[in-house]
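The values are calculated or read from the model by the stated rules, or taken from the named source; none is laboratory data. All values derive from a computational prediction rather than experimental measurement. Note that each Cβ is placed from the backbone with ideal geometry, even for glycine, and that neighbours are counted across all protein chains shown. Side chains are part of the model used for accessible areas, which takes the heavy atoms of the whole protein and leaves out ligands, DNA and RNA. Shrake-Rupley method; radii C 1.70, N 1.55, O 1.52, S 1.80 Å.
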Amino acid sequence: FEMPVTTEVMLTADKEQLPDNAISDVRYILHPLFYAYALDHLSQLPAELRETTQRNIQTYALAFVQRYRSDVARLEQEREFLLAALRQCWQQKQLAEVIRFVEGLLYLIGRRGPDEEGEGILRWGIHSSRLLQDDYHTAQFLSRLASLLCYRSDLQQARLAWEQSLQIIESLGDTASFGKIFVGLAHLAHIQGEDGAAHRLSDMYLTHMQ
């Protein structure tokens, strides 16, 4: 268990030694001695108390993600803490919680282009939703993964992910989700010089949007 370095206040006695940009990039820093003491104390706690602490962290993190899922600035501010909580859920095979985390972090994943860490998070979500036979979230995460794969020019895998997502959505009859996939596939066809396919997919998008 790693203590995330993200909070509301500075707790370091050496704050004046930090560069100015470090102060703006973190929300709190633990003094090294206090951090070492906290880790040592944590290791000595009864297993039940450690488990309760981890559950409380996960509960808070999930509530935060669901409340601020569209507030990218807040999610970015707590990124390390939220990812640590998600990692705990993944390691403990809490599949439903993993799905909720990944869905809540979608606005954060890949917002700056290629995102290797984000791809890994999406694959956790896809794996979990498939095991729980949650087709809706499987399709949602596949579509987002396709976008990231397209960003880094892995066009074959991007097409495969979008086509898998489209197949699932068609089986669900979720026409509201068709748009983004058709746009993605049309863009993919265009950059690969498949103008006929790009026009056909664009027409399909317009038809579904009517």
For Leu166, state whether it is open to solvent by 60 Å² or more (accessible area, probe 1.4 Å), among the aliphatic types (A, V, I, L, M), at pLDDT 80 or above and closer than 14 Å to Asp135 by Cα. no
Sole exception among (1) surrounded by 14 or more Cβ atoms within 10 Å (Cβ to Cβ); (2) more than 25 Å from Ile181 (Cβ to Cβ); (3) of a type in the set (Phe, Trp, Tyr) for Tyr60, by number: (1)
Taking the criterion of being modelled with pLDDT of 90 or more, open to solvent by less than 60 Å² (accessible area, probe 1.4 Å) and either aromatic (Phe, Trp, Tyr) or at positive phi (or both), would at least one residue in region 127-142 satisfy it? yes
Conditions (1) modelled with pLDDT of 90 or more; (2) not in a helix (DSSP H, G or I): number failed by Gly193: (1)
Residues satisfying the stated conditions in region 135-150, i.e. aromatic (Phe, Trp, Tyr) and within 14 Å of Trp124 (Cβ to Cβ): Phe141
In the set Val98, Val102, Val65, Val72, the lone residue that is surrounded by fewer than 18 Cβ atoms within 10 Å (Cβ to Cβ), of a type in the set (A, V, I, L, M, F, W, C) and free of Cβ contacts under 8 Å to residues at least 60 places away in the same chain is Val72
I'm checking my understanding of the structure. Among residues of region 75-91 that are in contact (Cβ under 8 Å) with a residue 12 or more places away in the chain and open to solvent by 80 Å² or more (accessible area, probe 1.4 Å), which one is nearest to Trp124 (Cα to Cα)? Glu80
Near pairs, Cβ below 8 angstrom, 6+ apart or cross-chain, from region 121-135 (basic (Lys, Arg)) to any residue that is part of a helix (DSSP H, G or I): Arg123/Leu145; Arg130/Thr138
Can you name the residue in region 144-159 that is part of a helix (DSSP H, G or I) and without any contact (Cβ under 8 Å) to a residue 12 or more places away in the chain and, of all such residues, is farthest from Glu103 (Cα to Cα)? Gln156
